[in-house]
Amino acid sequence: MQGKRWRLQAGEIANFGGEFKVDSGHTEWVDARAHQTGFTTTFPPNQKIPYWTGGKEYDIDFNSMREGRSSTLPTYAVVTSRSYHTGGVNSMMLDGSVRMTSQTIASQVWKALGTRSGSEVVREVE
(Lines give C-alpha, C1' and ligand atoms only; values in the text may rest on other atoms or scores of the structure.)
Protein backbone atom coordinates (compact mmCIF):
# COMPACT_ATOMS: atom_id res chain seq x y z
CA MET A 1 0.00 0.00 0.00
CA GLN A 2 2.97 2.32 0.22
CA GLY A 3 2.40 5.32 -2.05
CA LYS A 4 -1.23 4.46 -2.79
CA ARG A 5 -2.40 7.22 -0.49
CA TRP A 6 -1.02 9.69 -3.02
CA ARG A 7 -2.31 8.19 -6.29
CA LEU A 8 -5.68 8.93 -7.85
CA GLN A 9 -8.09 6.10 -8.52
CA ALA A 10 -11.18 8.09 -9.51
CA GLY A 11 -12.40 11.64 -9.78
CA GLU A 12 -15.69 13.38 -10.41
CA ILE A 13 -16.89 13.93 -13.94
CA ALA A 14 -19.80 16.29 -14.58
CA ASN A 15 -21.48 15.63 -17.92
CA PHE A 16 -23.09 18.93 -18.83
CA GLY A 17 -24.99 17.51 -21.80
CA GLY A 18 -26.15 20.03 -24.37
CA GLU A 19 -26.26 19.70 -28.11
CA PHE A 20 -22.62 18.91 -28.79
CA LYS A 21 -22.03 15.15 -29.11
CA VAL A 22 -24.13 14.12 -26.14
CA ASP A 23 -24.27 10.51 -27.34
CA SER A 24 -20.65 9.70 -26.60
CA GLY A 25 -18.51 10.86 -23.68
CA HIS A 26 -19.21 9.58 -20.16
CA THR A 27 -22.19 7.54 -21.30
CA GLU A 28 -20.72 4.01 -21.42
CA TRP A 29 -18.56 1.99 -19.06
CA VAL A 30 -18.20 -1.27 -20.96
CA ASP A 31 -15.18 -0.40 -23.09
CA ALA A 32 -13.11 1.20 -20.28
CA ARG A 33 -11.75 3.99 -22.47
CA ALA A 34 -10.73 7.23 -20.75
CA HIS A 35 -13.31 9.36 -22.54
CA GLN A 36 -16.07 7.01 -21.37
CA THR A 37 -15.10 6.07 -17.82
CA GLY A 38 -12.13 8.10 -16.72
CA PHE A 39 -10.32 11.38 -16.76
CA THR A 40 -6.85 12.70 -17.42
CA THR A 41 -4.69 14.95 -15.29
CA THR A 42 -3.58 17.05 -18.26
CA PHE A 43 -5.27 20.11 -16.76
CA PRO A 44 -6.29 20.83 -13.13
CA PRO A 45 -9.80 20.03 -11.87
CA ASN A 46 -12.68 22.12 -13.26
CA GLN A 47 -10.46 23.55 -16.02
CA LYS A 48 -12.64 24.85 -18.84
CA ILE A 49 -11.77 23.45 -22.29
CA PRO A 50 -13.59 25.84 -24.66
CA TYR A 51 -14.76 24.85 -28.13
CA TRP A 52 -16.79 27.10 -30.41
CA THR A 53 -19.17 25.82 -33.08
CA GLY A 54 -22.27 27.36 -34.59
CA GLY A 55 -21.69 30.56 -32.62
CA LYS A 56 -21.95 28.73 -29.31
CA GLU A 57 -19.25 27.84 -26.79
CA TYR A 58 -19.04 24.37 -25.26
CA ASP A 59 -16.85 23.09 -22.42
CA ILE A 60 -15.60 19.84 -23.91
CA ASP A 61 -13.43 16.80 -23.44
CA PHE A 62 -11.10 15.91 -26.31
CA ASN A 63 -9.42 12.83 -27.65
CA SER A 64 -7.50 12.63 -30.91
CA MET A 65 -9.03 9.27 -31.83
CA ARG A 66 -10.83 6.43 -30.13
CA GLU A 67 -8.45 4.46 -27.95
CA GLY A 68 -7.43 1.08 -29.31
CA ARG A 69 -8.01 1.93 -32.99
CA SER A 70 -4.32 1.85 -33.87
CA SER A 71 -1.44 -0.24 -32.64
CA THR A 72 1.09 2.33 -33.86
CA LEU A 73 -0.49 5.76 -33.24
CA PRO A 74 -1.05 7.08 -29.71
CA THR A 75 -4.32 8.62 -28.56
CA TYR A 76 -4.02 12.05 -26.99
CA ALA A 77 -6.79 13.04 -24.58
CA VAL A 78 -7.98 15.88 -22.39
CA VAL A 79 -10.79 14.57 -20.18
CA THR A 80 -10.95 17.01 -17.30
CA SER A 81 -12.22 16.09 -13.83
CA ARG A 82 -15.19 18.40 -13.23
CA SER A 83 -17.86 18.83 -10.59
CA TYR A 84 -20.69 21.07 -9.56
CA HIS A 85 -18.87 21.81 -6.29
CA THR A 86 -17.41 25.26 -5.78
CA GLY A 87 -13.62 25.22 -5.75
CA GLY A 88 -12.78 21.58 -6.44
CA VAL A 89 -13.69 17.97 -7.10
CA ASN A 90 -14.02 14.86 -4.97
CA SER A 91 -11.14 12.46 -5.63
CA MET A 92 -10.75 8.84 -4.55
CA MET A 93 -7.22 7.71 -3.85
CA LEU A 94 -5.89 4.18 -4.38
CA ASP A 95 -6.05 3.55 -0.64
CA GLY A 96 -9.84 4.10 -0.79
CA SER A 97 -9.88 7.50 0.92
CA VAL A 98 -11.97 10.28 -0.62
CA ARG A 99 -11.04 13.94 -0.37
CA MET A 100 -11.87 17.26 -1.94
CA THR A 101 -9.12 18.32 -4.35
CA SER A 102 -8.83 22.05 -4.92
CA GLN A 103 -9.12 23.31 -8.47
CA THR A 104 -6.11 25.51 -7.68
CA ILE A 105 -3.87 22.50 -7.00
CA ALA A 106 -0.44 22.94 -8.57
CA SER A 107 -0.43 21.39 -12.04
CA GLN A 108 2.68 19.30 -11.36
CA VAL A 109 1.11 17.85 -8.18
CA TRP A 110 -2.15 16.98 -10.01
CA LYS A 111 -0.18 15.29 -12.79
CA ALA A 112 1.92 13.37 -10.23
CA LEU A 113 -1.26 12.11 -8.55
CA GLY A 114 -2.44 10.76 -11.89
CA THR A 115 0.57 8.62 -12.77
CA ARG A 116 1.79 5.32 -11.44
CA SER A 117 5.09 5.24 -13.26
CA GLY A 118 6.68 8.62 -12.62
CA SER A 119 8.01 7.79 -9.15
CA GLU A 120 7.05 11.26 -7.96
CA VAL A 121 6.78 11.81 -4.25
CA VAL A 122 3.58 13.68 -3.37
CA ARG A 123 3.56 14.83 0.22
CA GLU A 124 0.25 16.68 0.48
CA VAL A 125 -2.87 17.28 -1.56
CA GLU A 126 -4.53 20.69 -1.46
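Is it true that Thr101 is within 12 Å of Phe39 (Cβ to Cβ) and at pLDDT 85 or above? Against the criterion (within 12 Å of Phe39 (Cβ to Cβ) and at pLDDT 85 or above), Thr101 qualifies. Counting only strands (runs of 3 or more DSSP E) wholly contained in the stretch 50-99, the ones carrying 3 or more residues that are touching a Pro at 6+ places or on another chain (Cβ under 9 Å) occupy 56-59, 88-93.
The values are calculated or read from the model by the stated rules, or taken from the named source; none is laboratory data. It should be emphasised that the depicted structure is a prediction, and the values quoted were computed from it without experimental measurement. FYI the Cβ positions are ideal-geometry reconstructions off the backbone, even for glycines, and counts take in every protein chain you see.
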